[in-house]
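Chemist: Below you will find the structure I want to go over with you.
The values are calculated or read from the model by the stated rules, or taken from the named source; none is laboratory data. Keep in mind that what you see is a predicted model, and the values were worked out from it rather than measured. Cβ placement follows ideal geometry from the backbone for every residue including glycine, while neighbour counts extend to all protein chains displayed. Side chains included, ligands, DNA and RNA excluded: accessible areas come from the protein's heavy atoms. Shrake-Rupley method; radii C 1.70, N 1.55, O 1.52, S 1.80 Å.
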Amino acid sequence: MKKSILLFLISIFTIYNSLFSYENKYIPSNVNTVTSLNLSTLSDKADINLQETLNNLFFNNYADSYLEYRNDPDVVTAMTERFEELFDTTKDAKIITYNNYNIFSIILNIKNSLEMNKILIKIATQEDKLISVSKDLKYIYIMLDEKTLLAWNDEVFTVSVSYDSSNNVLFASDSIFSKDNRLEDKNFIDLLSSNNDAYNWIDLSAFSTNSYFRDILASDEFYPYNQLFVDKEAIYDGIVTAKYNFTNGNANIKLDFYNTNFNLMSIKKELSNKVYEYVNGQNNYGFLSFSFNIDELTKELKSKLGEEDNSLNDLLTEFPELKDIGIKNIYSFLELLDGDIFFSFWDIGEDNDPAMFISASVRNANTINMILSVFSEYTIDDDIYLVGGNYLYIKDSILYIVSYENIAREIKEGKLPENKLDANTLNNTKDNLFSFYMDLNPLLSLYGYDEYTEVFKDLGIYAKIIDSNHTQINIDINTRNKEENALKIIKLFMEY
């Protein structure tokens, strides 16, 4: 009798729900984050059995504990053998959070609603739980306990969990199944219309209101970042999106930061060609570069950290000559630079240490030469300084710091290396605030990790200011095997 009544209620509910468009994405406007996973695509690209993976992660343990007190193998079979029969894995699964990350929900698309209803009714009956219909007839739910709720209609099945018993977990289902107040953030809509293997949408304002995150970010360990970002509420109302895509031989992650309170456009600058002119491209391990408008950056730091800076007090006490040159604080050093910094290493063989190369564009070569004379152990030809075991030389408003004297002499003589850095790779750095590139050449001696260099070809990370309040970071991972999908290769590498 109870089952007949439940089936009758479900039938009424299904008819009611079918009056609304299936285009509803079930993402409420009050979420903090959205994670979308194309389960079918990801499992194919990683070459895994989705059912086995879910069994290993969750279902087997739950099924075993279920059988300890319920003799119902049908339910266990549904969990451990029929996931892709019950759920449509060709449509993206969603994980969303709200209430400042205190509640999360998993949303799965139902393939066979009739079978799903039978199984859920059986679970509820054997768990001695009531199946209820929401007051607006928009969904059916089982309250497993005060923190866990199962809710579904004929299209999607959801699991909502609260980390705090004071949070009413029914709030989650009411939000998901409501036809009003859908998430309409432009950046989220763009994600919906794009084709990605997976993506994230994150509302950073939760970091400003959640006491747990604020305590962490405001701690001494995060100084001066807390001064720059937390205390000034620079992240409030910010949005982050992440797109993940995998193809044969390549994995790409694209992070986009949108913020109305933190405009980086003023510090944008193109990297100067001169800073990497003398880098040897043969057997090069890679490079790290920064490029920014130093005046605007210094102004921004002063506004956030204050005009006074005591970080160099010990250094200025040890070397009082610096004050005579005009060095009063860290800003005095920054104002001598011109915004371009480039780091690189290359293998010179014969069991020698790699050659280190650092270059930075400067404004006042005379002042910097005076500073170098204060720190130098001795000079070579009166203009190549030895400081801390490295050789420093200024030429054409570029300060060079190298680990071998012969390299400093070659720079002084204008002798360019026979092999340049890869032009295509360098082009990625031109308009970037930050660039990092690593060539995982198995013939080079620096790494000593054969498992990395045999599997991966190179890694690139590039941060670019797109426009006002929009910064983008691209992460590219290239594998040596171009026949297999990068996700499968990464998975096998992690297993190894």
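Chemist: Which of the GluC sites (Glu not before Pro) across the stretch 281-321 are loop residues per DSSP, with 13 or fewer other Cβ within 10 Å? The partial results should precede the final answer.
Modeler: Values: sites: 296, 300, 307, 308, 318, 321; in loops: 307, 308.
Counting only loop positions with at most 13 other Cβ atoms within 10 Å, the GluC sites (Glu not before Pro) in the stretch 281-321 are 307, 308.
Chemist: Provide the per residue accessible area, probe 1.4 Å, for the stretch 260-356, rounded to a whole number of square angstrom.
Modeler: On the way: 5200 Å² over 97 residues.
Using a 1.4 Å probe on heavy atoms only, each residue of the stretch 260-356 averages 54 Å².
Chemist: Using the Cα centre of the chain as the reference point, and only Cβ charges (+1 on K/R, -1 on D/E), how large is the resulting charge dipole? Debye, rounded to the nearest 20. Kindly include the intermediate steps, with their values, before the conclusion.
Modeler: On the way: 43 positive and 76 negative charges, 407 e Å.
Taking the Cα centre of the chain as origin, the dipole is about 1960 debye.
Chemist: Once you put a point 7 Å from the Cα of residue 115 and another 7 Å from the Cα of residue 95, both along the Cβ direction, what distance in nm separates them?
Modeler: 2.5 nm
Chemist: If each of residue 483 and residue 367 carries a label point 7 Å out from its Cα toward its Cβ, how far apart are those two points in nm?
Modeler: Simple spin-label model gives 6.0 nm for this pair.
Chemist: Averaged over all directions, how much area does the convex hull of the C-alpha atoms of the stretch 392-434 cover when projected, in nm²? The partial results should precede the final answer.
Modeler: On the way: hull surface 16.4 nm².
In nm², the orientation-averaged hull projection of the stretch 392-434 is 4.1.
Chemist: Right, next: Need one value: the accessible area of residue 165 in square angstrom, 1.4 angstrom probe, rounded to the nearest 10.
Modeler: Residue 165 exposes around 60 Å² with every protein chain in place.
Chemist: Report residue 144's accessible area, 1.4 Å probe, all protein chains in place, as a number in Å² to the nearest 10.
Modeler: Residue 144 has an accessible surface of roughly 50 Å² with all protein chains in place.
Chemist: Let me ask something else about it. Roughly speaking, what is the stretch gain from residue 353 to residue 53, that is 0.36 nm per residue apart minus the C-alpha to C-alpha distance, in nm to one decimal? Please report the intermediate quantities before stating the final value.
Modeler: Working: separation 300, 0.36 × 300 = 108.00 nm, distance 4.49 nm.
Length difference between fully extended and current span is 103.5 nm.
Chemist: With Cα extents along the principal axes in Å in mind, check (i) 74, 58, 48; (ii) 100, 50, 39; (iii) 65, 61, 46 and report the label derived from this structure.
Modeler: (ii)
Chemist: Something else: For n ≥ 4 DSSP H runs only, could you compute -39500 (n - 2.57) per run for the chain, divide by its residues and tell me the 222 nm figure to the nearest 500? If you can, show how the numbers build up before the last one.
Modeler: Details: 20 runs with 162 residues, N = 496.
Taken over the chain, the calculation gives -9000 deg cm²/dmol.
Chemist: Next up: Under 14 Å Cα to Cα from residue 45, which aspartates and glutamates show up? Leave out anything in the same chain fewer than 8 places away.
Modeler: Leaving aside aspartates and glutamates fewer than 8 places away in the same chain, those within reach of residue 45 are 197, 483, 484.
Chemist: Using square roots of five times the C-alpha gyration tensor eigenvalues, list the equivalent-ellipsoid semi-axes of the stretch 403-492 in whole Å, biggest first. Provide the component values of the computation, followed by the final result.
Modeler: Numbers: eigenvalues 159, 111, 23 Å².
The answer is 28, 24, 11 Å, longest axis first.
Chemist: Carbon and sulfur together cover what percent of the accessible area of the stretch 67-137 at a 1.4 Å probe radius?
Modeler: On the way: 1780 of 3620 Å².
Within the stretch 67-137, the accessible surface is 49 percent carbon and sulfur.
Chemist: Follow-up. Report the Stokes-Einstein translational diffusion coefficient (µm² s⁻¹, integer) for the stretch 299-352, Rh taken as the Kirkwood radius over Cα pairs, at 25 °C with viscosity 0.890 mPa s.
Modeler: Working: Rh = 14.0 Å.
Diffusion coefficient, whole number: 176 µm²/s.
Chemist: Along the principal axes of its C-alpha atoms, what lengths does the stretch 36-172 span, in descending order and rounded to whole Å?
Modeler: So the three principal-axis extents are 41, 37, 26 Å.
Chemist: What pairs from 94/135; 91/430; 91/138 go past 29 Å between their alpha carbons? Walk me through the numbers before you get to the answer.
Modeler: Working: 94/135 25 Å; 91/430 39 Å; 91/138 21 Å.
Pairs exceeding the cut-off: 91/430.
Chemist: In the stretch 46-67, which residues have a backbone nitrogen under 17 Å from the label point lying 7 Å from residue 491's Cα in the Cα-to-Cβ direction?
Modeler: Answer for this model: 46-59.
Chemist: Roughly to the nearest percent, how much of the accessible area of the stretch 411-496 is carbon and sulfur, given a 1.4 Å probe? Walk me through the intermediate numbers first.
Modeler: Numbers: 2610 of 5000 Å².
It is 52 percent, rounded to a whole number.
Chemist: Follow-up question, since we're still on this one. Karplus couplings for the stretch 387-399 from phi (6.51 cos²θ - 1.76 cosθ + 1.60, θ = phi - 60°), rounded to Hz, Gly and Pro as x?
Modeler: Residue by residue, the stretch 387-399 yields 9, x, x, 10, 9, 10, 8, 10, 8, 6, 6, 10, 8 Hz.
Chemist: Run the count for the stretch 253-308, please: Lys pairs, Cα-Cα under 25 angstrom, 8 or more apart or on different chains. Write down the numbers at each step before the final one.
Modeler: Working: 254/268; 254/269; 268/299; 268/302; 268/304; 269/299; 269/302; 269/304.
Close lysine pairs under the 25 Å cut-off: 8.
Chemist: Just need the Rg to Rh number for the stretch 313-462, please, alpha carbons only, Kirkwood Rh. Walk me through the numbers before you get to the answer.
Modeler: Values: Rg = 17.9 Å, Rh = 17.7 Å.
That ratio equals 1.01.
Chemist: For residue 179 and residue 313, calculate 0.36 nm times their separation in residues minus their Cα-Cα distance, and state this gained length in nm to one decimal. All intermediate terms of the calculation are to be shown ahead of the outcome.
Modeler: On the way: separation 134, 0.36 × 134 = 48.24 nm, distance 6.12 nm.
Residue separation times 0.36 nm, minus the Cα-Cα distance, leaves 42.1 nm.
Chemist: Continuing with the same structure: Please name whichever of 433, 200, 90 sits farthest to the positive end of the charge dipole of the chain, dipole taken about the Cα centre and charges placed at Cβ: Lys and Arg +1, Asp and Glu -1.
Modeler: Most positive-ward Cα: 90.
Chemist: Identify the residues of the stretch 336-377 with backbone N under 18 Å of a label point that sits 7 angstrom from the Cα of residue 305 along the Cα-to-Cβ direction, or state none.
Modeler: Those under the cut-off are 336-341.
Chemist: May I ask you to derive the FRET efficiency for residue 132 and residue 192 from their Cβ-Cβ distance with R0 = 45 Å, giving the value to the nearest 0.05? Don't skip to the end; give the middle numbers.
Modeler: Values: r = 31 Å, r/R0 = 0.69.
Once rounded, the FRET efficiency stands at 0.90.
Chemist: If you don't mind, there's one more thing I want to ask. Report the rotationally averaged projected area of the stretch 344-390 based on its alpha-carbon convex hull, in square nanometres. All intermediate terms of the calculation are to be shown ahead of the outcome.
Modeler: Values: hull surface 17.1 nm².
The orientation-averaged projected area of the Cα hull of the stretch 344-390 comes to 4.3 nm².
Chemist: Leaving out ligands, DNA and RNA but keeping every protein chain, what accessible area does residue 92 have, in Å² rounded to the nearest 10, with a 1.4 Å probe?
Modeler: Approximately 40 Å² for this residue.
Chemist: So, in nm, how far is label residue 165 from label residue 125 when the simple model puts each one 7 Å beyond its Cα toward the Cβ?
Modeler: 3.1 nm
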